[in-house]
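Inspection log for the structure reproduced underneath, given as structure tokens.
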Amino acid sequence: MFSGSIPALVTPFRDGSFDEATFRRLVDWQIDQGSSALVPCGTTGEASTLSNAEHHRVIEVCVEQAAGRVPVIAGCGSNDTRNALLHMNFSKKAGAAAGLCVAPYYNRPSQAGLIAHFSFLAENSDLPIVLYNVPGRTVTDIEDETVIELVRRYPDRIVAIKDASGDLSRVADHRMGIGRDFCQLSGNDELWLPHSAAGGSGAISVTANVAPKLCAEFHDAIAANELAKARELNDRLFPLHYAMFSDASPAPVKYALSRVMEDVTDEVRLPLVPASEASRRAVDEALEFAGLI
């Protein structure tokens, strides 16, 4: 289904508005550097502070600029099931390959509620779903049994999972409960290597925003079973993985992008604020260590 280095794209802002021209440049750069798919309007894309009109425009521009060169996995998550469906229907019409659907946040649904939520989406849209489990942000955990049940019910609709739980045992649990061909993507850059070794097919990556070529080469080394090269690249990238979360995300990655791309701002939207000085120092050191500046 999906594999490789897949950046969870930032949404560039300029003077408070979506910077479409910069976003188009970012999409082209990502594809040229080897990214295998693109994810607009995820957590890193600040989807929670985009209006629905902005959300849909970002997806539309991403699909248009990618122009079929790589698939687009559109962020469609919401803590309102009906709004998530609205995003999915728009994304399907725009030409996205799948929708990334996070567990509803703040509401804290039960596992039965999660099954009802994702079942509603699967039954009312024919856009393939990539489940997104990130309990550190949503509080609610999509438990293994819930994932297995959802894929059992909707094998042609629920096609992958982005797992940012930090629990590597889940890769094997999903393989045993669903099958070895089920697409599992790491949602934690620092766990990308062991996640792949356990059976994952790639990562939806924050770091790939600023190091797309290195991340693509890293995945290629893993896929080719060139473990020495994979470890070497992992070592180069590892400080950057942590620097990306040295302050509230995506402030550090937006600062990092402003350091590696010309004419890019580090603007974020409230309640986020720009990365602190300490975070900026950590980012600069990590970028230098990786050979990116």
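Read-outs: derived from the displayed coordinates by stated rules, not from any lab. Source: prediction; values computed, not measured. Note that we place each Cβ from the backbone using ideal geometry, even for glycine, and neighbour counts take in every protein chain shown.
Using a Förster distance of 25 Å, how high is the FRET efficiency between MET261 and PHE289, based on the Cβ-Cβ distance and rounded to 0.05? Before the final figure, lay out each step's value.
Numbers: r = 19 Å, r/R0 = 0.75.
Here the calculated transfer efficiency is 0.85.
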Assuming a ≥ b ≥ c are the square roots of the Cα gyration tensor eigenvalues, decide whether segment 99-185 counts as rounded (a/c under 1.5), prolate (otherwise, with a/b larger than b/c) or oblate. oblate
Given 0.36 nm per residue, what is the gain on full extension from ARG281 to ALA21 after removing their alpha carbon distance, in nm? 90.8 nm
Taking the chain and counting helices only, DSSP H stretches of n ≥ 4 at -39,500 (n - 2.57) each over all residues, the nearest-500 ellipticity at 222 nm comes to -14500 deg cm²/dmol
Exposed-loop-free span, longest in the chain, where trypsin sites (Lys or Arg not before Pro) count as exposed if DSSP calls them loop and at most 15 other C-beta atoms lie within 10 Å: 70-179
Env charge @ LEU272, Cβ radius under 14 Å, K,R +1 / D,E -1, value -1
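Can you tell me how the chain classifies by the Cα gyration tensor, rounded, prolate or oblate, using a/c under 1.5 as the rounded cut?
oblate
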Overall form of segment 8-82 per C-alpha gyration tensor (a/c, 1.5; a/b vs b/c): oblate
Can you spot the lysines whose alpha carbon is less than 23 Å from LYS213's alpha carbon? Ignore those fewer than 8 places along the same chain. LYS162, LYS229, LYS254
Listing THR43, THR11 from the residue with the fewest other Cβ atoms within 10 Å to the one with the most, what is the order? THR43, THR11
Relative contact order (percent, whole number), the chain, Cα cutoff 8 Å, 6+ residue spacing: 18 percent
Over segment 24-122, what relative contact order in percent results from Cα pairs under 8 Å that are six or more residues apart? 27 percent
